[in-house]
Amino acid sequence: MNERTSEGLVALLQDRGYVVVDDEHCAEVILLNTCSVRAQAEAKAIGKANLVCQRQSQRKLIGVLGCMAQRLGKALYQKSPSTRLIVGPNCIEKVPAYLDQLIAHPRERILDIQMRPMDRKLAAAHDENKFQPSAFVSIMQGCNMRCTYCVVPETRGPEQYRPIKDILQEIQRLSAHGTKEVTLLGQIVNHYGIGQMPFRDEKSPFVQLLEEIQGIAGIHRIHFMSPHPAEFRKDLIDAYSRLSKLCPHVHLPLQSGSDSILKAMKRSYNSAQFLSIVQALRQRVPTISISTDIIVGFPGETEEDFQMTCAMFDDIKFDMAFVFKYSMRPGTVAEQLGDQISQEIKDERNQILLEKVKQYSQAYNETMVGQVKEILVEHCAKRGQGQFEGRTPEHKKVIFAAEEALIGQLVQVKIERCATSTLFGKIVEISSHRQA
Ligand code: SAH
Ligand code: SF4
């Protein structure tokens with residue numbers, strides 16, 4: 001989400017004459033777009049802001065944006081005294097004007113953490129100078145859930161949905177610039193439009209949105225992140241059999257395999273309901289890739305609770321997962337429970353799950369070896385030397401030899417070998433002519 005907002009802000013800043021530089025040492029202004037989900041993310045951002053201040057030979061203008069700015073407000077001036085701009089996630093569109101003001105008045109500081117309605121221009125803005133074979137599209141902001149561990153509803157405010165016509169126009173514009181894949185973003189994408197837009201033929205506004213995107217000719221692939229299991233209903237499950245562009249990959253956050261922990265987290269589904277979604281998806285698309293988010297060490301998580309998470313992992317065989325050690329966040333309901341599980345146990349549980357991720361991801365990748373997969377060529381691989389990187393429809397990273405001109409094209413790649421998180425192969429056919 002932050003990456004997407006930062007990209008939109010870059011577009012607004014460029015419109016105003018600001019120029020983005022590759023090297024932070026050359027920058028006159030440094031903006032950090034921050035996350036508050038875990039304490040570590042905040043500590044890192046404050047560390048970075050202070051490091052930038054210490055290192056600077058000439059005075060740079062430093063701004064802290066996003067959730068940490070919202071949560072800490074003016075307390076940030078103490079933690080990071082050189083910061084002159086503090087802007088919450090709902091006021092980011094004001095940043096260009098604030099920068100103009102701060103540059104004109106070098107002694108001033110600005111703090112804006114109001115909860116404003118979403119800015120339609122910022123939400124739709126993309127850096128038009130940058131070619132994006134695959135683009136993020138934000139469809140909503142905020143969150144109405146109250147997961148007891150989570151600071152997001154506090155920092156981002158209640159859900160706000162973008163009008164469907166804005167989203168479609170944005171995707172059409174991206175497609176006209178050569179984008180072939182979109183990832184729809186929101187804290188709970190399958191909540192999109194609920195209570196504000198009608199259901200049609202028992203289809204939620206989110207599924208209606210997917211259908212509309214399916215109709216955009218230049219778009220070949222649709223992903224989304226993240227759906228909430230409690231709202232993952234039949235209309236969305238059936239969409240996987242009906243909508244050819246919906247990619248065979250779903251990121252479905254489980255958080256815990258223990259029903260009592262799920263209840264304490266206020267996640268509003270249980271492990272059996274989660275399993276039945278997975279089964280229904282696999283019935284429609286047997287090879288679907290399923291990834292998840294897990295929190296280990298939530299207050300009160302016993303060894304037995306953790307074993308239930310392990311059992312769910314072994315049952316579902318998630319082929320990718322983000323495993324987080326519980327981080328107590330100020331102002332959340334779970335804060336009152338204290339941070340009960342020791343760091344040592346969190347580390348141990350984290351390690352056990354990471355081993356499982358490795359094992360199941362390797363096993364999933366091995367099933368692809370020998371197959372020919374359609375890959376969207378995204379960019380040069382880090383290793384260089386004529387190597388390029390792209391993704392399968394299942395969102396698996398593939399490295400192969402190619403040339404610059406193929407960036408943004410769909411090619412057929414024979415997968416020859418795999419590692420835990422990467423596949424390697426060679427192009428056997430260029431399929432950019434394929435009709436969407
Ligand atoms: N809206 C998304 C998640 C947003 S935050 C959803 O509900 O799926 C991304 C992930 O961070 C969450 O899925 C959760 O696993 C993790 N997370 C959130 N708060 C956390 C906390 N206090 N400690 C550790 N992990 C946390
Ligand atoms: Fe946080 Fe829960 Fe909302 Fe996700 S659904 S952003 S975890 S409160």
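Dipole of the range 226-307, Cα-centred, from +1 at each Lys and Arg C-beta and -1 at each Asp and Glu C-beta, to the nearest 20 debye?
Numbers: 9 positive and 9 negative charges, 113 e Å.
Dipole of the range 226-307, to the nearest 20 debye: 540 debye.
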The alpha-carbon center of the range 243-261 and that of the range 173-240 are separated, in whole Å, by 15
At 4 °C in a medium of viscosity 1.567 mPa s, the range 372-430 has a Stokes-Einstein diffusion coefficient, with Rh taken as the Kirkwood radius over alpha carbon pairs, in µm² per second, of 119
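Over the range 339-416, what per residue volume does the convex hull of the Cα atoms give, in whole Å³? Let's see the in-between values first.
Values: hull volume 10.1 nm³, N = 78.
Output value, Cα hull per residue: 129 Å³.
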Residue separation between LYS317 and ALA43 times 0.36 nm, minus their alpha-carbon distance, gives in nm 95.3 nm
Rg/Rh of the chain (Cα atoms, Kirkwood Rh), to two decimals, equals 0.96
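Using the structure shown, select from LYS74/LYS263; LYS60/LYS346; LYS165/LYS266; LYS234/LYS396; LYS79/LYS325; LYS60/LYS165 the pairs with a Cα to Cα distance greater than 29 angstrom. Please list the in-between numbers first.
Values: LYS74/LYS263 35 Å; LYS60/LYS346 39 Å; LYS165/LYS266 33 Å; LYS234/LYS396 26 Å; LYS79/LYS325 24 Å; LYS60/LYS165 40 Å.
As for pairs spanning more than 29 Å Cα to Cα, those are LYS74/LYS263; LYS60/LYS346; LYS165/LYS266; LYS60/LYS165.
Could you calculate the FRET efficiency of HIS379 with CYS26 from 1/(1 + (r/R0)^6), where r is the beta carbon distance between them and R0 is 25 Å, rounded to 0.05? Walk me through the numbers before you get to the answer.
On the way: r = 23 Å, r/R0 = 0.91.
Efficiency, rounded to the nearest 0.05: 0.65.
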Here P(r) for the range 209-309, Cα-Cα distances in 10 Å bins, as whole percents, is 14, 43, 27, 13, 3, 0
Under the helix-only model (-39500 (n - 2.57) for each DSSP H run of 4 or more, divided by the residues of the chain), the mean residue ellipticity at 222 nm, to 500 deg cm²/dmol, is -11000 deg cm²/dmol
Within the set ALA124, ALA239, ALA381, GNM on the chain using Cα springs under 10 Å gives the largest fluctuation to ALA381
One computes Rg over Rh for the range 2-112 from alpha-carbon atoms, with the Kirkwood Rh, and obtains 0.92
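Could you work out Rg/(2.2 N^0.38 Å) for the range 86-158, with Rg from alpha carbons only?
On the way: Rg = 15.4 Å, N = 73, 2.2 N^0.38 = 11.2 Å.
Ratio of Rg to 2.2 N^0.38 Å for the range 86-158: 1.37.
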Convex hull around the C-alpha positions of the range 251-367: the volume in Å³ per residue is 92
With a 1.4 angstrom probe the carbon and sulfur portion of accessible area for the chain, in percent, totals 51
Distance in Å, no decimals, from the C-alpha centre of the range 321-376 to the one of the range 42-93 is 29
Checking every Cys Cβ in the chain against the others at 4.7 Å leaves as unpaired CYS26, CYS35, CYS53, CYS67, CYS91, CYS143, CYS247, CYS310, CYS380, CYS418
At R0 = 35 Å the Cβ-Cβ FRET efficiency linking GLU335 and GLN273, nearest 0.05, sits at 0.80
note: the range 131-247, Cα-Cα separations exceeding 25 Å make up a percent value of 21
Here the relative contact order (percent) of the chain, from C-alpha pairs under 8 Å and at least 6 apart, is 11
So for R0 = 41 Å, FRET eff. of ALA363-PHE199 from the Cβ-Cβ r, to 0.05, ends up at 0.60
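Within 10 Å of each candidate Cβ there may be at most 11 other Cβ atoms; applying that plus a DSSP loop requirement, which trypsin sites (Lys or Arg not before Pro) in the range 32-127 survive?
Details: sites: ARG38, LYS44, LYS48, ARG55, ARG59, LYS60, ARG71, LYS74, LYS79, ARG84, LYS94, ARG107, ARG109, ARG120, LYS121; in loops: ARG38, ARG59, LYS60, LYS74, ARG107, ARG109.
Filter output for the range 32-127: ARG59, LYS74, ARG107.
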Simple SL model, points at 7 angstrom along Cα→Cβ for ILE103 and GLN169; separation in nm is 2.8
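Between GLN307 and LEU243, what is 0.36 nm times their sequence separation minus the Cα-Cα distance? Round to one decimal in nm. Show your work: numbers first, answer last.
On the way: separation 64, 0.36 × 64 = 23.04 nm, distance 3.68 nm.
Fully extending the segment from GLN307 to LEU243 adds 19.4 nm.
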The extension gain from ARG146 to ARG59, computed as 0.36 nm times the residue separation minus the Cα-Cα distance, is 27.2 nm
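The values are calculated or read from the model by the stated rules, or taken from the named source; none is laboratory data. Being a predicted model, the structure only gives us computed values, none of them experimental. We place every Cβ from the backbone using ideal geometry, glycine too, and count neighbours over all the protein chains shown. These accessible areas exclude ligands, DNA and RNA; they are computed on the full protein's heavy atoms, side chains included. Shrake-Rupley method; radii C 1.70, N 1.55, O 1.52, S 1.80 Å.
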